[in-house]
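The structure appears below as structure tokens.
Rule-based calculations on the coordinates, nothing more; no lab input. Predicted, not measured: the structure shown is a model, and the values here were computed from it. So basically every Cβ, Gly included, is an ideal-geometry build from the backbone, and we count neighbours across all protein chains shown.
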Amino acid sequence: MRRILITGAAGFIPSSLAKRLIQDQQNYVVGIDNFLTGTSLNLPSRPNRNFSFIKADANNYHDLSAIMLANRFDFVFHYAAIVGVKRTLENPLSVLDDIKGIQNVLHLSKSTGVERVFFSSSSEVYGEPVEFPQNELTTPLNSKLPYAIVKNVGEAFLKSYSLEHGLNYTIFRFFNTYGPNQSTDFVLSKFINSALKGEELTLYGDGLQTRTFCHVEDNIDATISCLYNNEYVNEILNLGSNKEITIRYLAEMVIALTNSKSRISFQPALLEGDMRRRCPDNTKMRNLLKRELRPLEDGIKSILDEIAKKDG
């Protein structure tokens with residue numbers, strides 16, 4: 001049996017990962033979260049013999065050590081972090097505090113015999129990119145924002161622990177993952193929520209900045225493949241779509257798909273944190289999936305279907 005720890009388990013992506021992992025009875029999953037940004041509504045809704053949740057803070061060494069020493073995990077997914085552009089810009093010291101969590105996880109993983117640590121990094125580490133598509137090895141990392149700096153520091157810690165202690169790792173750089181139950185801290189879920197209410201969809205600047213959008217199931221499929229097939233050990237992977245779209249076109253697409261009467265409003269460009277262009281080289285991800293990623297329009301329709309079922 002694989003014993004697996006997921007930090008930040010009440011968050012959007014890690015909770016989706018937990019739900020998938022516990023479908024396999026060969027996995028025993030422990031999730032921890034302090035509910036700073038996650039919600040208990042994301043956790044598995046029914047009792048599972050192969051899932052346990054503990055309210056705990058990965059940044060607190062006492063909390064984490066008690067859990068890791070008691071369970072002796074085979075794999076750790078360290079996904080706990082303060083997320084969301086607005087929240088991370090407004091709380092830079094809290095963001096920097098996440099470095100403690102990274103150190104705690106790695107020290108305890110080294111000491112308790114963990115086979116591999118999976119770390120949720122971010123496309124933010126690239127900053128304003130100078131190369132397209134953004135490649136894990138060749139594109140310089142030049143962001144100066146606290147959130148991106150912490151992710152970059154985390155990547156350096158993983159590489160250092162591997163070199164000095166032989167602790168294996170895989171680093172995932174996430175690019176705009178979306179799906180059902182995502183909080184409205186993120187652009188696509190915010191647009192859908194506003195459009196369904198008939199409210200304005202707010203764009204910053206001219207709306208021509210580009211992003212790519214990856215459905216959470218594609219993210220999880222690639223992650224599970226990486227774990228089960230022992231792929232990309234001690235490597236970095238971009239997890240995201242390579243289909244660029246402007247934020248303005250995204251807003252127009254959401255309005256059309258929701259049959260909304262919402263209008264688009266424009267606000268002054270953000271002073272920081274809103275990079276002009278973002279597009280990953282996702283060759284490694286596609287190698288894991290052995291297929292193309294889900295088209296964005298199809299993914300948005302699936303979210304709307306889920307919302308319709310709930311409203312039922």
Calculate how steeply helix 187-197 sits against the longest principal axis of the alpha-carbon atoms of the chain, using the helix alpha-carbon long axis, and give the answer as 0 to 90 degrees to the nearest 10.
50
Taking Cα atoms, how many degrees apart are the long axis of helix 92-112 and the longest axis of the chain, rounded to 10 and kept between 0 and 90?
30
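Please work out how much length the chain gains when fully extended from Leu137 to Lys86, using 0.36 nm per residue of separation minus the C-alpha to C-alpha distance, in nm with one decimal. Show your work: numbers first, answer last.
Working: separation 51, 0.36 × 51 = 18.36 nm, distance 2.86 nm.
This chain segment gains 15.5 nm when fully extended.
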On a 0 to 90° scale, report how tilted helix 61-71 is relative to the longest principal axis of the chain, with both axes built from alpha carbons and the result rounded to the nearest 10.
70
Towards the positive end of the charge dipole of the chain, with charges on Cβ (+1 Lys, Arg; -1 Asp, Glu), say which of Phe51, Thr88, Ala156 has the farthest Cα.
Phe51
Candidates Ile192, Ile67, Ile32, ranked by Gaussian network fluctuation over the chain, Cα under 10 Å, top entry
Ile67
Inter-label distance, nm, simple model (7 Å from Cα along the C-beta direction), Val130/Arg49
5.7
Theoretical FRET efficiency, 1/(1+(r/R0)^6), r = Cβ-Cβ of Arg277 and Leu196, R0 41 Å, to 0.05
0.90
Checked against the structure, the computed mean projected area of the Cα convex hull in nm² among [x] 15.5; [y] 14.6; [z] 16.5 is the one labelled [x]
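In nm, what is the difference between 0.36 nm times the number of residues separating Glu297 and Tyr249 and their Cα-Cα distance?
Working it through step by step, the gained length comes to 16.1 nm.
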Quick one: putting +1 on the C-beta of Lys and Arg, -1 on the C-beta of Asp and Glu, what dipole do you get for the range 150-269 around its Cα centre, in Debye to the nearest 20?
400
For Ala308 and Phe35, what is the calculated FRET efficiency with R₀ set at 41 Å and r taken between the beta-carbons, to the nearest 0.05?
0.90
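How would you rank 120-132, 285-297, 36-48, highest first, on the average number of other Cβ atoms within 10 Å across their residues?
Details: 120-132: 19.3, 285-297: 15.6, 36-48: 14.0.
Answer by packing, highest mean first, reads 120-132, 285-297, 36-48.
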Placing +1 on the Cβ of each Lys and Arg and -1 on the Cβ of each Asp and Glu in the chain, which of Thr138, Phe186, Val114 has its Cα farthest towards the positive end of the resulting dipole?
Val114
Around Val83 (Cβ within 15 Å, Cβ-to-Cβ, excluding Val83; K/R +1, D/E -1) the net charge comes to -1
The exposure ranking of Ile54, Ile13, Ile220, fewest beta-carbon neighbours within 10 Å first, is Ile54, Ile220, Ile13
Karplus-derived HN-Hα couplings along the range 264-270 (A = 6.51, B = -1.76, C = 1.60, θ = phi - 60°), whole Hz, x at Gly and Pro
9, 10, 10, 10, x, 4, 5
Would you please give the residues with an amide H less than 5 Å from that of Glu115, counting only those at least 5 places away or on a separate chain, with H modeled from the backbone geometry?
Phe75
Cα shape, the range 165-215, gyration tensor, a/c 1.5 rule:
prolate
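If you put +1 on each Lys and Arg Cβ and -1 on each Asp and Glu Cβ, how big is the dipole of the chain around its Cα centre, in Debye rounded to 20?
Working: 35 positive and 35 negative charges, 110 e Å.
With Lys and Arg at +1 and Asp and Glu at -1, about 520 debye.
Full extension from Gln26 to Ser111: what is 0.36 nm times the residue separation minus their Cα-Cα distance, to one decimal in nm?
Details: separation 85, 0.36 × 85 = 30.60 nm, distance 2.40 nm.
Taking Gln26 through Ser111 to full extension adds about 28.2 nm, to one decimal.
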